[in-house]
Every structure is written in C-alpha cells, then in structure tokens.
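Asker: Here it is: the structure, laid out below.
Read the figures in this text as sums done on the coordinates, not as results from a lab. Here the structure is a predicted model, which is why all the values come from computation and not from measurement. Please note: Cβ atoms are built from the backbone with ideal geometry, for glycine as well, and neighbour counts cover all protein chains shown.
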Amino acid sequence: MRVVLDTNIPVSALLIPAGYPDAIYQGWTEGQFSLLTGEEQLDELRATLQKPAIAVRVKPSRAGRPINEIRAFAGIIGKLPRLPGRLSGDWRQERIAGSSPPCQVSRNER
C-alpha cells in the first residue's frame with residue numbers, strides 16, 4: 001500500500017514517542033506500507049521542526065532523523081501540474097491524485 005502522510009505525523013511522532021502518530025511512522029519504518037512524499041513536504045517538515053515552539057522540545061539531532069529517513073527511503077514524487085476543478089490547490093491532494101495512493105493519513109482524520 002502506498003501512503004502520503006500529513007506532515008504532522010512525523011512531527012507528532014517526535015513530540016509524543018508512544019502515541020498513534022509514532023505507531024504510524026514506525027509502521028512505515030517496519031515496511032507495513034510504502035511512503036510517498038515530495039520535496040515540498042520535506043521543506044515543510046524541515047520548517048515545522050525549526051519553529052521555536054517545536055525546536056525547544058526536539059533536539060536538532062532528533063529532528064533531522066525523520067527528514068533523513070524519509071529522503072532516503074520514501075518514494076519521492078516529482079513535480080506535478082496543478083489540477084483543475086474539485087481539488088483545493090493543496091499540493092498533497094495533487095500528489096495523491098497524480099500518483100493514486102490508496103489513502104492519506106492525517107492526524108486530523110480518524
């Protein structure tokens with residue numbers, strides 16, 4: 001199964017190591033699904049982890065780990081054109097539509 005994770009999943013996994021986001025992230029590292037991402041999401045993850053409220057809670061060495069793991073082992077989706085119509089213009093939705101993963105996992109959806 002191919003999955004696009006919301007950026008909040010790896011961030012929350014770092015903040016709450018025993019929580020559901022960590023279990024999802026660990027599922028990927030254990031090969032339970034294939035992760036798809038893009039450079040935009042990696043930039044967003046890096047910027048989020050550098051925000052002061054998060055940076056005081058996560059040491060730089062720990063913050064770099066998911067970025068390095070995702071860059072090394074996830075499927076990187078190339079740039080896709082904007083899709084017209086019903087999509088919100090959110091790059092994650094465009095990637096999902098363009099690469100057809102079966103689901104997107106977000107901390108806000110159950």
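Asker: Of the peptides 7-14, 19-26, 46-53, how do they stack up when ordered by the mean number of other Cβ atoms within 10 Å, highest first? Don't skip to the answer; put the middle values down first.
Answerer: Numbers: 7-14: 21.0, 19-26: 16.4, 46-53: 12.1.
Output ranking for 7-14, 19-26, 46-53: 7-14, 19-26, 46-53.
Asker: Counting only residues 5 or more places away or on other chains, whose amide H sits under 5 Å from the amide H of LEU5 once H atoms are built in the peptide plane?
Answerer: Counting only residues 5 or more places away or on other chains, the set is LEU36, VAL105.
Asker: Short version: ³J(HN,Hα) in whole Hz for each residue of the stretch 43-60, in order, from phi by Karplus 6.51 cos²θ - 1.76 cosθ + 1.60 (θ = phi - 60°), x for Gly and Pro, what are they?
Answerer: Result, ordered by residue: 4, 5, 4, 4, 5, 5, 5, 8, 4, x, 5, 8, 4, 6, 9, 10, 5, x Hz.
Asker: Quick one: ILE67, ILE16, ILE77, fewest Cβ neighbours within 10 Å first, how do they rank? Don't skip to the end; give the middle numbers.
Answerer: Values: ILE67 15, ILE16 11, ILE77 21.
Fewest to most other Cβ atoms nearby, the residues stand as ILE16, ILE67, ILE77.
Asker: If you don't mind, there's one more thing I want to ask. Using a Förster distance of 22 Å, how high is the FRET efficiency between ALA47 and ALA72, based on the Cβ-Cβ distance and rounded to 0.05? Walk me through the numbers before you get to the answer.
Answerer: Values: r = 20 Å, r/R0 = 0.89.
With a Förster radius of 22 Å, E is 0.65.
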